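Chemist: One structure follows; several queries about it will come next.
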Amino acid sequence: MLRRAIALFALVAVMVTVGASVRSSAAAQDPSAGSLQLLARTPWVTASNPVFELIVGAERAARVEATIHDELVGAGGRSRFRTQLAGGDLGPQIGPTYTFDDEGSGRRRLQVPVDEAPTASTDDATAAPLALPDVGVYPVSVRAVDDNGRVIGSMLTHLVRSPAPDTFPTLASVIVVAGPETTATRPDGSVQLDDRAEANTQAVASAADRVPEVPFLYAVTPETIDALGPVARTRLAESSLSVPDGPWAGLDLGAWLSDDDLSDPLDHQIDRGRDALDGAQLNRSTATVLREPVTATQRDVLTFAGADVLITESDLAVGLEAPAVGRLRPAQVAESEQSALVVDDALQAHLQTNDDSVLAVHHLLADLAVLFFDRPNDPRSAMVWVEEPESLGGDALEALLSGFGASGEIVAAAEPDDVLSSIEPSGTLAMARRPPPSLSDYANALAATVAQIRVWDSVLLADDDRAEVLEATLDATAATDVIDQADEWFARARAIVDAQLTGITIPEQQTVTLTEREAELPIRIDNDLGYEANVLLKLDSTRLEVPEQGPRGIPVQLVPGANDLRIPVRARASGSFPLDVSVSTPRGSRVLADARFSVRTTVLNGVGLALTAGSLLVLLVWWARHFRDGRRDRRLVELGDATPRHEPEGADH
């Protein structure tokens with residue numbers, strides 16, 4: 001069992017914790033909430049879509065204008081990109097200053113046609129196509145200006161002009177969206193996502209529904225998938241996302257793999273996880289998302305299982321030196337054939353430091369374009385990690401997925417396996433030294449509690465699953481956010497079992513009298529459980545035989561309420577004697593009720609009958625002899641009286 005669990009470890013999904021939280025994007029969707037917010041932007045200007053469009057939200061009294069600046073090129077392009085985001089010089093302006101059209105309700109729209117070469121001059125320069133002969137990333141400065149010419153809001157975004165199709169290999173990008181870190185299952189068996197988890201799943205489901213063609217990895221546990229409503233699950237199933245294949249709950253695999261007593265429970269967790277994903281019709285991914293530095297134990301597990309890829313955050317990448325320009329190649333896992341994809345910190349930062357989440361997404365897409373244009377002929381990969389989609393918001397997540405769906409020639413969303421099959425690793429991911437925590441106490445308590453639940457389950461009829469439901473609830477105790485409270489869950493489960501198993505009683509009964517050697521013994525058993533129950537009835541007495549009773553007892557199915565049973569018995573002796581009666585679970589592991597009866601028999605057994613018959617025979621013989629002797633004596637007396645007397649001679653008269 002442990003070998004199987006080890007083999008399946010590489011399929012586990014656990015959430016990575018990286019960096020600070022992203023603030024809510026609600027303001028990005030409400031133009032009146034700030035002086036300037038990005039609502040939408042054309043992610044890539046292509047030959048088939050040569051119009052650059054910007055939609056912003058701004059105060060109604062403001063005029064919104066934009067200027068486009070020279071492209072970011074060369075090996076220092078990414079450094080300049082980051083400097084400009086921090087407020088640095090944007091370089092020379094190209095083209096005119098553009099003014100946004102006011103669409104009302106605070107929405108402003110700008111459309112700039114783009115061409116490779118200048119067109120004939122017109123009186124209105126803003127109406128002519130913008131000549132951009134070179135592909136690349138162009139900074140776009142947007143400003144909100146009041147009636148007095150004072151700038152009341154500004155932002156920096158980018159116009160990205162894509163190369164012609166099939167000119168360069170695209171930057172293969174793995175998108176990972178983190179799922180909730182909390183467990184939805186409650187101790188009473190109910191399932192309820194907390195507010196944050198609900199927002200997380202709704203944001204992901206909404207974005208996946210709107211952009212179903214873009215693949216991404218949703219790093220969520222099957223336990224969370226089980227907690228989703230039917231609408232959300234349908235949205236996820238109809239998209240191209242995949243979910244890591246692993247245990248049902250988000251448990252600590254290193255600790256579980258280190259305890260042989262948890263081998264069978266781990267197998268159960270993995271089986272239940274797969275059932276949940278298959279039941280939701282979701283694609284299962286073989287990628288492993290780590291929440292901790294990879295250890296030698298995990299490396300061995302991955303080697304044995306033949307896992308393709310690990311996904312980890314840079315702070316957890318032990319011994320891996322950061323490359324000069326991004327983390328754009330997989331790393332080799334030390335002493336194994338596995339590779340790892342490591343989150344790029346600079347890409348991650350875009351989603352952590354901007355109040356305008358839609359703008360942050362487009363900064364990330366532009367950053368990917370800068371990396372692409374730095375070495376366009378070099379096949380490379382990128383890791384895009386969305387830590388808190390609930391904070392980013394469904395619209396911003398949709399903008400991210402749409403950017404990957406619309407690029408075609410710069411970045412392309414890819415499955416982890418596809419990245420590893422096409423890009424050579426660079427660098428080595430070393431092993432961390434971290435002894436796993438001991439779970440021996442948890443394993444023992446889990447086993448004891450499950451054993452008690454299964455005792456109850458043996459009492460239930462085959463189609464009664466209430467004990468199975470209770471046992472399934474305990475699967476949630478494996479989760480890292482619940483395991484510290486596992487003892488409370490176990491105590492509650494044991495209390496439920498005890499309450500159920502005390503509902504069967506044997507009322508006090510008076511002395512039972514048997515008037516025949518073979519008779520039926522009346523026994524009453526009360527079932528207050530409210531449902532039918534399978535039990536084992538056992539009668540114990542040295543002076544009473546129970547023909548139907550096997551070595552363990554008599555199987556009995558009790559109906560709710562009073563059960564008046566009549567058990568065939570055979571008396572071995574007459575007189576009064578005790579009879580012990582017990583009702584236990586079908587396997588005899590727990591006595592549910594017991595009582596002592598007083599039995600009185602008025603019949604004789606074989607020996608008694610023989611003795612009695614012998615005594616009667618002796619009495620009859622004695623009586624017969626006595627009767628015969630008495631008659632003889634009486635006859636002798638009668639004969640004596642009838643014989644004449646002869647007086648002696650000479651007697652006197």
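The values are calculated or read from the model by the stated rules, or taken from the named source; none is laboratory data. For clarity, every value in this text was computed on a predicted model and none was experimentally measured. Note: ideal-geometry Cβ built from the backbone for every residue, glycine included; neighbour counts use all protein chains shown. When the accessible area is computed, the model is the full protein with side chains, heavy atoms only, and any ligands, DNA or RNA have been set aside. Shrake-Rupley method; radii C 1.70, N 1.55, O 1.52, S 1.80 Å.
Chemist: Take Asp378 and tell me if it is open to solvent by 20 Å² or more (accessible area, probe 1.4 Å), assigned to a helix (DSSP H, G or I) and not basic (Lys, Arg).
Modeler: no
Chemist: Something else: Being at pLDDT 90 or above and within 44 Å of the chain's Cα centre (by Cα) narrows it down to one residue among Gly57, Gly88; which is it?
Modeler: Only one candidate passes the filter, namely Gly57.
Chemist: Now, a different point. Within the stretch 127-149, restricting attention to residues that are over 21 Å from Ala47 (Cβ atoms) and β-branched (Val, Ile, Thr), which residue is modelled with the highest pLDDT?
Modeler: Step by step, filter the stretch 127-149, then rank; the result is Val142.
Chemist: Name the pairs whose Cβ atoms lie under 6 Å apart, with the first residue in the stretch 261-290 and open to solvent by 50 Å² or more (accessible area, probe 1.4 Å), the second assigned to a strand (DSSP E or B), and 6 or more positions between them or separate chains?
Modeler: Asn283/Ser242
Chemist: Filter the stretch 206-228 down to the residues that are open to solvent by less than 50 Å² (accessible area, probe 1.4 Å), under 20 Å from Asp245 (Cβ atoms) and part of a helix (DSSP H, G or I) and list them by number.
Modeler: Residues satisfying the conditions are Ala208, Pro222, Glu223, Thr224, Ile225, Ala227.
Chemist: Turning to a different aspect of this structure: If you go through the stretch 416-433 one residue at a time, do you hit one that is touching a residue at least 12 places away in the same chain (Cβ under 8 Å), out of contact with any Cys (no Cβ under 9 Å at 6 or more places or on another chain), part of a strand (DSSP E or B) and buried (at least 24 other Cβ atoms within 10 Å of the Cβ)?
Modeler: Checking the stretch 416-433: at least one residue is touching a residue at least 12 places away in the same chain (Cβ under 8 Å), out of contact with any Cys (no Cβ under 9 Å at 6 or more places or on another chain), part of a strand (DSSP E or B) and buried (at least 24 other Cβ atoms within 10 Å of the Cβ).
Chemist: Related question: Just to verify a result, which residue in the stretch 74-98, among those that are aliphatic (A, V, I, L, M) and not in a loop (DSSP other than H, G, I, E, B), is most open to solvent (accessible area, probe 1.4 Å)?
Modeler: Among them, the one singled out is Leu85.
Condition check ((1) within 27 Å of Leu257 (Cβ to Cβ); (2) of a type in the set (A, V, I, L, M, F, W, C); (3) at pLDDT 95 or above; (4) open to solvent by 20 Å² or more (accessible area, probe 1.4 Å)) across all residues:
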position	(1), (2), (3), (4)
Pro437	yes, no, no, yes
Val497	no, yes, yes, no
Thr513	no, no, no, yes
Glu532	no, no, yes, yes
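Chemist: Next question. Suppose we filter Asp70, Asp101 for residues that are among the charged types (D, E, K, R), open to solvent by 20 Å² or more (accessible area, probe 1.4 Å) and over 17 Å from Val135 (Cα atoms); which single one remains?
Modeler: Answer to the check: Asp101.
Chemist: Give Ile152, Ile175 a once-over and let me know the one that is surrounded by 13 or more Cβ atoms within 10 Å (Cβ to Cβ), within 52 Å of the chain's Cα centre (by Cα) and at pLDDT below 90.
Modeler: Ile152
Chemist: Now for a different question. Within the bounds of the stretch 180-198, is there any residue that is in contact with a Phe, Trp or Tyr (Cβ under 9 Å, 6 or more places away or on another chain) and surrounded by 19 or more Cβ atoms within 10 Å (Cβ to Cβ)?
Modeler: Within the stretch 180-198, not a single residue is in contact with a Phe, Trp or Tyr (Cβ under 9 Å, 6 or more places away or on another chain) and surrounded by 19 or more Cβ atoms within 10 Å (Cβ to Cβ).
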